[in-house]
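> The structure that follows is given in the form of structure tokens.
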Amino acid sequence: MPKGSKELSEIRKEEIINACEKLYETKSFKDITIKDIGEVTSFTRTSIYNYFCTKEEIFLALLKREYEKWIKSLNDLTLNNESLSVEEIASSLARTLEDRRLLLKLMAMNNYDMEENSRTENLAEFKGAYGESLRALDRYFKKFTGFSEAARQELLYIFLPFVYGVYPYAEVTEKQRAAMAKANAPFVYHSVYELTYNCVKNLLKGKGE
């Protein structure tokens, strides 16, 4: 049993976030309720409100955790490699996202509403993780590209909007496929890896010309 109430609080928050993640594997955001999350935890639904005031706060905490995992992958790449070619930079970065499907799925949600329905302190914690992901990406590009700060900033703000939109292009439901076929809008499947690799490689080659 943890000794301090802060430690116990963090453990219970993790249990709630884990329950949310489990439900999100089979249910959509709009179909998941606080009651559903409470039924997957070891304590009552009412107790959840001691830690999170809204469903959006729970999802935001889950997104923060996924960002932190991605940051670790980016930092490991930067620390464990001396140099990378353009193709290797693109490939390595693509693999960090291929391994983070949940991150991409959460990014594809309506983040505006998720942030709007969260308390400022919760949003600030999330923004801290988001900001660190920017710094981790910048360190990665700085070490392996030699681009100027201005060029790296431009690269970041092209790449990140791409990341937020990549999931719907890589994960298509049968219903979506049927609708596109009916609309005569054929879909060519590309994996997260392929989309990210091609995006980063072309961005880097464009900057290097």
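Read-outs throughout are calculated quantities, based only on the coordinates presented, and are distinct from any laboratory measurement. Fair warning: this is a prediction, and the values are worked out from it, not measured in the lab. In this analysis, Cβ positions are derived from the backbone assuming ideal geometry, glycine residues included, and neighbour counts consider all displayed protein chains.
> Please give the contour-minus-distance gain from residue 26 to residue 174: 0.36 nm per residue of separation, less the Cα-Cα distance, rounded to one decimal in nm. Mind dumping the intermediate values first?
Numbers: separation 148, 0.36 × 148 = 53.28 nm, distance 1.53 nm.
That pair, residue 26 and residue 174, stretches by 51.7 nm at full extension.
> With each pseudo-label sitting 7 Å past Cα toward Cβ, what's the residue 149-residue 80 distance in nm, one decimal?
With each label placed 7 Å out from Cα toward Cβ, I get 3.0 nm.
> For the chain, set up a Gaussian network in which alpha carbons nearer than 10 Å are linked by springs, and say which option among 122, 110, 184 fluctuates the most.
Top of the fluctuation ranking is 184.
> Filter the cross-link list 22/64; 30/72; 22/105; 13/35; 6/30 down to pairs whose alpha-carbon distance in this structure exceeds 21 Å. Don't jump to the answer; show the numbers that get you there.
Details: 22/64 16 Å; 30/72 30 Å; 22/105 14 Å; 13/35 15 Å; 6/30 31 Å.
Beyond 21 Å: 30/72; 6/30.
> Follow-up question, since we're still on this one. Choose one answer from 137, 79, 104: the residue with the largest mean-square fluctuation in a GNM of the chain with alpha-carbon springs under 10 Å.
79
> Something else about it: Name the most mobile residue of 172, 163, 188, meaning the one with the largest mean-square fluctuation, in a Gaussian network model of the chain with Cα contacts below 10 Å.
188
> I've got another one for you. To two decimal places, what compactness ratio does region 1-51 give when its Cα radius of gyration is scaled by 2.2 N^0.38 Å? Don't jump to the answer; show the numbers that get you there.
On the way: Rg = 11.6 Å, N = 51, 2.2 N^0.38 = 9.8 Å.
Its radius of gyration relative to the 2.2 N^0.38 Å reference: 1.18.
> Can you compute the FRET efficiency between residue 7 and residue 134 using 1/(1 + (r/R0)^6), with r the Cβ-Cβ distance and R0 = 25 Å? Round to the nearest 0.05. Before the final figure, lay out the partial values.
Values: r = 30 Å, r/R0 = 1.19.
That pair, residue 7 with residue 134, gives E of 0.25.
> What spacing in nm lies between the two simple spin-label points modelled at residue 127 and residue 156, each 7 Å away from Cα in the Cβ direction?
Taking the two extended label points, one gets 1.5 nm.
> Starting from the Cα gyration tensor of region 91-209, take the square roots of the eigenvalues, sort them a ≥ b ≥ c, and report rounded, prolate or oblate (rounded when a/c is under 1.5, otherwise prolate if a/b is larger than b/c, else oblate). Show your work: numbers first, answer last.
On the way: a/c = 2.39, a/b = 1.18, b/c = 2.02.
It is oblate, given that a/c is not under 1.5 and a/b is not larger than b/c.
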